[in-house]
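The values are calculated or read from the model by the stated rules, or taken from the named source; none is laboratory data. Quick caveat: nothing in here was measured; it's all calculated off a predicted structure. All Cβ positions, glycine included, derive from the backbone under ideal geometry; neighbour counts span all protein chains shown. Areas reflect the complete protein model, heavy atoms only, side chains present, ligands, DNA and RNA absent. Shrake-Rupley method; radii C 1.70, N 1.55, O 1.52, S 1.80 Å.
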Amino acid sequence: MKTLLKILHFGIIGAGIGSFMTILSFASMGVKNASLKELITWAAASFLIGVITLIMYNDKIKLLVATAIHLALTFITVATSCIICGYGSSALDIIKNMLPSFIIIYIIVYLIVFFISKNNEKEINKALSDK
(Lines give C-alpha, C1' and ligand atoms only; values in the text may rest on other atoms or scores of the structure.)
Protein backbone atom coordinates (compact mmCIF):
# COMPACT_ATOMS: atom_id res chain seq x y z
CA MET A 1 0.00 0.00 0.00
CA LYS A 2 2.87 2.36 0.83
CA THR A 3 4.43 1.77 -2.60
CA LEU A 4 1.12 2.43 -4.37
CA LEU A 5 0.71 5.70 -2.47
CA LYS A 6 4.26 6.72 -3.41
CA ILE A 7 3.54 5.95 -7.09
CA LEU A 8 0.30 7.95 -6.95
CA HIS A 9 2.05 10.81 -5.16
CA PHE A 10 4.79 11.09 -7.78
CA GLY A 11 2.29 10.61 -10.61
CA ILE A 12 0.02 13.39 -9.33
CA ILE A 13 2.97 15.74 -8.86
CA GLY A 14 4.11 14.89 -12.41
CA ALA A 15 0.61 15.54 -13.76
CA GLY A 16 0.49 18.88 -11.96
CA ILE A 17 3.86 20.03 -13.23
CA GLY A 18 3.11 18.63 -16.69
CA SER A 19 -0.25 20.41 -16.88
CA PHE A 20 1.45 23.71 -16.13
CA MET A 21 4.17 23.01 -18.71
CA THR A 22 1.56 21.95 -21.30
CA ILE A 23 -0.32 25.22 -20.83
CA LEU A 24 2.94 27.19 -21.14
CA SER A 25 3.93 25.23 -24.26
CA PHE A 26 0.55 25.68 -25.92
CA ALA A 27 0.51 29.39 -25.04
CA SER A 28 4.03 29.96 -26.36
CA MET A 29 3.13 28.25 -29.64
CA GLY A 30 -0.11 30.21 -29.99
CA VAL A 31 -2.38 27.17 -29.59
CA LYS A 32 -5.85 28.50 -28.82
CA ASN A 33 -7.95 25.34 -29.13
CA ALA A 34 -6.11 22.25 -27.92
CA SER A 35 -8.09 19.07 -28.45
CA LEU A 36 -9.28 16.93 -25.57
CA LYS A 37 -7.08 14.16 -27.00
CA GLU A 38 -4.00 16.38 -26.64
CA LEU A 39 -4.87 17.42 -23.09
CA ILE A 40 -5.53 13.85 -21.95
CA THR A 41 -2.42 12.55 -23.72
CA TRP A 42 -0.16 15.13 -22.08
CA ALA A 43 -1.79 14.70 -18.67
CA ALA A 44 -1.21 10.93 -18.87
CA ALA A 45 2.35 11.43 -20.12
CA SER A 46 3.05 13.84 -17.27
CA PHE A 47 1.67 11.33 -14.75
CA LEU A 48 3.96 8.64 -16.20
CA ILE A 49 6.98 10.93 -16.14
CA GLY A 50 6.23 11.66 -12.49
CA VAL A 51 6.23 7.93 -11.78
CA ILE A 52 9.41 7.46 -13.83
CA THR A 53 11.06 10.08 -11.62
CA LEU A 54 10.94 7.58 -8.73
CA ILE A 55 14.06 6.02 -10.27
CA MET A 56 16.01 9.11 -9.25
CA TYR A 57 15.34 8.31 -5.59
CA ASN A 58 16.75 4.78 -5.75
CA ASP A 59 20.00 4.77 -3.75
CA LYS A 60 21.01 1.40 -5.24
CA ILE A 61 21.44 2.93 -8.69
CA LYS A 62 24.26 5.38 -9.49
CA LEU A 63 23.14 8.88 -10.43
CA LEU A 64 24.47 8.62 -13.99
CA VAL A 65 22.64 5.32 -14.60
CA ALA A 66 19.42 6.63 -13.04
CA THR A 67 19.65 9.77 -15.18
CA ALA A 68 20.18 7.71 -18.36
CA ILE A 69 17.20 5.47 -17.55
CA HIS A 70 15.07 8.52 -16.74
CA LEU A 71 16.11 10.17 -20.01
CA ALA A 72 15.27 7.07 -22.07
CA LEU A 73 11.88 6.42 -20.45
CA THR A 74 10.90 10.10 -20.50
CA PHE A 75 11.95 10.44 -24.13
CA ILE A 76 9.91 7.38 -25.11
CA THR A 77 6.90 8.77 -23.22
CA VAL A 78 7.15 12.21 -24.85
CA ALA A 79 7.85 10.83 -28.34
CA THR A 80 4.88 8.46 -28.03
CA SER A 81 2.68 11.35 -26.89
CA CYS A 82 3.79 13.39 -29.89
CA ILE A 83 2.91 10.51 -32.20
CA ILE A 84 -0.51 10.05 -30.55
CA CYS A 85 -1.22 13.78 -30.92
CA GLY A 86 -0.16 13.73 -34.58
CA TYR A 87 2.84 16.04 -34.23
CA GLY A 88 5.61 15.69 -36.80
CA SER A 89 5.51 14.00 -40.17
CA SER A 90 6.88 10.69 -38.86
CA ALA A 91 8.22 9.02 -35.72
CA LEU A 92 11.75 9.39 -37.09
CA ASP A 93 11.15 13.11 -37.64
CA ILE A 94 10.00 13.50 -34.02
CA ILE A 95 13.00 11.58 -32.69
CA LYS A 96 15.45 13.52 -34.87
CA ASN A 97 14.04 16.87 -33.76
CA MET A 98 13.66 16.15 -30.03
CA LEU A 99 16.60 13.92 -29.08
CA PRO A 100 19.35 16.57 -29.21
CA SER A 101 17.35 18.89 -26.93
CA PHE A 102 16.64 16.06 -24.51
CA ILE A 103 20.30 15.12 -24.30
CA ILE A 104 21.44 18.71 -23.72
CA ILE A 105 18.79 19.28 -21.03
CA TYR A 106 19.67 16.03 -19.25
CA ILE A 107 23.40 16.81 -19.31
CA ILE A 108 22.72 20.19 -17.70
CA VAL A 109 20.36 18.71 -15.09
CA TYR A 110 22.79 15.86 -14.34
CA LEU A 111 25.67 18.28 -13.79
CA ILE A 112 23.58 20.48 -11.50
CA VAL A 113 22.42 17.51 -9.40
CA PHE A 114 25.94 16.04 -9.36
CA PHE A 115 27.56 19.24 -8.06
CA ILE A 116 24.81 19.83 -5.50
CA SER A 117 25.26 16.25 -4.26
CA LYS A 118 29.03 16.70 -4.02
CA ASN A 119 28.57 19.93 -2.08
CA ASN A 120 26.12 18.20 0.29
CA GLU A 121 28.63 15.38 0.82
CA LYS A 122 31.34 17.89 1.76
CA GLU A 123 29.04 19.64 4.23
CA ILE A 124 27.99 16.34 5.83
CA ASN A 125 31.59 15.14 6.08
CA LYS A 126 32.64 18.48 7.60
CA ALA A 127 29.79 18.33 10.14
CA LEU A 128 30.73 14.75 11.06
CA SER A 129 34.42 15.59 11.44
CA ASP A 130 33.59 18.59 13.67
CA LYS A 131 31.85 16.35 16.21
*May I ask which of Lys62/Lys122; Lys37/Lys96; Lys60/Lys96 have a Cα-Cα span longer than 21 Å here?*
Lys37/Lys96; Lys60/Lys96
*Crossing angle, helix 91-130 versus the chain [Cα axis fit, 0-90 degrees, rounded to tens]*: 20
_the chain: translational diffusion in µm²/s, Stokes-Einstein, Kirkwood Rh over Cα pairs, 37 °C, 0.692 mPa s_ = 196
_If I take every Cα pair under 8 Å that is 6 or more residues apart in the chain, average their sequence separation and divide by the length, what percent do I get for the relative contact order?_
22
*Measure off, as a whole percent, the carbon and sulfur share of the 1.4 Å-probe accessible area of region 22-95, all protein chains present.*
71
*For Phe115 paired with Ile95, estimate the spin-label separation in nm (one decimal), with each label point 7 Å from Cα along the Cα-to-Cβ line.*
3.3
_Residue among Ile103, Ile52, Ile23 with the largest mean-square fluctuation in a Gaussian network model of the chain, springs linking Cα atoms under 10 Å_ = Ile23
*Taking only Cα atoms, what is the 0 to 90° angle, nearest 10, from helix 2-28's long axis to the longest principal axis of the chain?*
50
_Compute the angle between helix 63-85 and the longest alpha-carbon principal axis of the chain, please, reported from 0 to 90 degrees and rounded to the nearest 10._
10
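Just the accessible area per residue of region 65-131, please: how many Å² with a 1.4 Å probe? Intermediate results must be reported in sequence, preceding the final value.
Numbers: 4630 Å² over 67 residues.
I get 69 Å² per residue for this part.
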_Value at 222 nm in deg cm²/dmol, rounded to 500, when DSSP H runs of n ≥ 4 in the chain each add -39,500 (n - 2.57)_ = -29000 deg cm²/dmol
*If each of Glu123 and Ala72 carries a label point 7 Å out from its Cα toward its Cβ, how far apart are those two points in nm?*
3.3
*Among the trypsin sites (Lys or Arg not before Pro) within region 1-82, which fall in a DSSP loop and have no more than 13 other Cβ atoms within 10 Å of their own Cβ?*
Lys32, Lys60, Lys62
_Taking R0 as 41 Å, what FRET efficiency do you get between Leu5 and Lys62 from their Cβ-Cβ distance, rounded to the nearest 0.05?_
0.95
